[in-house]
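Below: the structure, in structure tokens.
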Amino acid sequence: MRRTVSIILFAVTAYVSVSVLAQQKNPPRNDLPQPYRTTRDWGELPTGVKWAAVTAVESAPDGNIYVVHRCFANSCAGRSEAPILKYNANGKLLKTWGEGMFIFPHGATVDRGGNLWVTDARGEGGKGHQVFKFSPEGKVLMTLGKAGVSGSGPDLFDQPTDVVVAQNGDIFVTDSHRNGKNNRVVKFDRNGKFIKEWGKKGSGPGELSEPHTIAMDSRGRLFVGDRENNRIQIFDQDGKFLDQWHQFGRPSGIFITNDDTIYVTDSESGPDSGAHELTGIKKGIRIGNAKDGSVKAFIEDSESTAADHSGAEGVGVDANGNVYGAVVRRQMLERHVKK
């Protein structure tokens, strides 16, 4: 009996040691170059509207920029403000839409056809737990999930956090925010037909704990921000686990440009609040290469060592290389321009 217990303890200790070493082998750095200057509250707002929690920024093929925010403070429930704002490259407001459609708008993407996709990561009053596809003019083209219904399986979501669309039109959704029931990636075809899912709650390769964001590189690989595990996991489009990276910090948002430059927001590292945050790591946006995982630069957040989850969560990059940080707690949109 003692021998069995000893073997089990040895195995557990070895696993923990290997896991810790894996994270320490290439930890996120605080001392990288910061080649950007920052301006805040970029873009004009509708009359009488202030920035609520900003959650996503996405650039379109035509040069326009979409910004998603949560209507008022941190929720759209019962609000009349439009959560989706469309800008030209100079920050002129072109159009708004989505009034009365969302509870908790979260992640977004723009597909190759210029259509905007947005997730709603909560449910209340017959709304939420859905993914919407909009035309560039705001027309609803597709809806995934059932309004206000949380669940699992092929036609329901529980707090879907983000979405990305492959070149052939296949759709990938990360499903479950903090304490969510699914912790998975769900794959659909271009018409919204369920294909498959992968992932479950855990910390092993291919397991997920709050898959908060998803992006795709030039090779079609999927980069999933496995936030509570403080890592990015990389999969092929069939769900095969390829690699995991810890050097970009605790990922809330990921954006990958056509040249495979990767931008990763870390809005939560710092003091451990009980959600397994990385301690001693500053909040901000780490910039590197999606091909080899190297990290080249760091846009430090203005409250990079605060205990609160204060940094930018969403991130977007326009055609000129300007970086946009979607800030939830401080309710602002930041624009970072190369010095």
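Looking only at the range 187-215, filter to residues that are among the hydrophobic types (A, V, I, L, M, F, W, C) and out of contact with any Phe, Trp or Tyr (no Cβ under 7 Å at 6 or more places or on another chain); which one of those is surrounded by the fewest Cβ atoms within 10 Å (Cβ to Cβ)?
So, considering only residues that are among the hydrophobic types (A, V, I, L, M, F, W, C) and out of contact with any Phe, Trp or Tyr (no Cβ under 7 Å at 6 or more places or on another chain), the one surrounded by the fewest Cβ atoms within 10 Å (Cβ to Cβ) is Trp198.
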| message | Looking only at the range 75-109, filter to residues that are in a loop (DSSP other than H, G, I, E, B) and of a type in the set (A, V, I, L, M, F, W, C); which one of those is surrounded by the fewest Cβ atoms within 10 Å (Cβ to Cβ)? | response | Ala89
| remark: All-but-one check, Ala166 against (1) more than 14 Å from Pro105 (Cα to Cα); (2) without any contact (Cβ under 8 Å) to a residue 60 or more places away in the chain, failing number (2)
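What is the residue count in the range 223-241 for residues that are β-branched (Val, Ile, Thr) and either surrounded by fewer than 20 Cβ atoms within 10 Å (Cβ to Cβ) or over 18 Å from the mean Cα position of the chain (by Cα) (or both)? First the steps, then the outcome.
Taking the range 223-241 first, the residues β-branched (Val, Ile, Thr) are 224, 232, 234.
Pick out the ones that are also either surrounded by fewer than 20 Cβ atoms within 10 Å (Cβ to Cβ) or over 18 Å from the mean Cα position of the chain (by Cα) (or both) and you get 234.
Count: 1.
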| message | Residue pairs, Cβ under 8 Å, 6 or more apart or interchain, first in the range 272-301 and under 20 Å from Thr261 (Cβ atoms) and touching a residue at least 24 places away in the same chain (Cβ under 8 Å), second among the aromatic types (Phe, Trp, Tyr) and assigned to a loop (DSSP other than H, G, I, E, B). List them. | response | Arg286/Phe248; Gly288/Phe248; Val295/Phe248
| message | Looking at the range 304-329 only, could you name the residues that are crowded, with 18+ Cβ neighbours inside 10 Å and of a type in the set (D, E, K, R)? | response | Glu313, Asp318
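So that you can scan it fast, the table gives a plain yes or no per residue for (1) in contact with a Gly (Cβ under 6 Å, 6 or more places away or on another chain); (2) over 22 Å from Val337 (Cβ atoms):
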site: Glu197; (1), (2): no, yes
site: Lys201; (1), (2): no, yes
site: Asp236; (1), (2): no, yes
site: Leu242; (1), (2): no, yes
site: Ala275; (1), (2): no, yes
site: Lys282; (1), (2): no, no
site: Lys296; (1), (2): yes, no
| request: Specify the residue that is farthest from the chain's Cα centre (by Cα); the eligible residues are those in the range 137-179 that are more than 27 Å from Asn88 (Cα to Cα) and acidic (Asp, Glu). | output: Asp155
| query | Only one of (1) buried (at least 22 other Cβ atoms within 10 Å of the Cβ); (2) touching a residue at least 60 places away in the same chain (Cβ under 8 Å) fails for Arg178. Which number is that? | reply | (1)
| said: Conditions first: (1) among the aromatic types (Phe, Trp, Tyr); (2) in contact (Cβ under 8 Å) with a residue 40 or more places away in the chain; (3) more than 22 Å from Asn168 (Cβ to Cβ). Trp117 passes all but one, so which condition is the exception? | reply: (3)
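Could you say whether any residue in the range 242-256 is surrounded by 15 or more Cβ atoms within 10 Å (Cβ to Cβ), of a type in the set (S, T, N, Q), closer than 20 Å to Gly325 by Cα and touching a Pro at 6+ places or on another chain (Cβ under 7 Å)?
Of the range 242-256, the ones surrounded by 15 or more Cβ atoms within 10 Å (Cβ to Cβ) are 244-256.
Still in the running and of a type in the set (S, T, N, Q): 244, 247, 252.
When the remaining residues are screened for being closer than 20 Å to Gly325 by Cα, the result is 247, 252.
Remaining after also requiring touching a Pro at 6+ places or on another chain (Cβ under 7 Å): 247.
Within the range 242-256, one or more residues are surrounded by 15 or more Cβ atoms within 10 Å (Cβ to Cβ), of a type in the set (S, T, N, Q), closer than 20 Å to Gly325 by Cα and touching a Pro at 6+ places or on another chain (Cβ under 7 Å).
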| remark: Restricting the range 144-158 to residues that are in contact with a His (Cβ under 6 Å, 6 or more places away or on another chain) and not in a loop (DSSP other than H, G, I, E, B), the one surrounded by the fewest Cβ atoms within 10 Å (Cβ to Cβ) turns out to be Ser150
| task | Sort out which residues of the range 265-303 are loosely packed, with under 15 Cβ neighbours inside 10 Å and acidic (Asp, Glu), and write them in order of number. | result | Asp272, Asp292
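We did not get these values from a lab; they are worked out from the coordinates using the rules stated. Keep in mind that this is a model prediction, so the values were computed, not measured. Cβ coordinates were reconstructed from backbone atoms using ideal geometry, including for glycine residues, and neighbour counts include every protein chain displayed.
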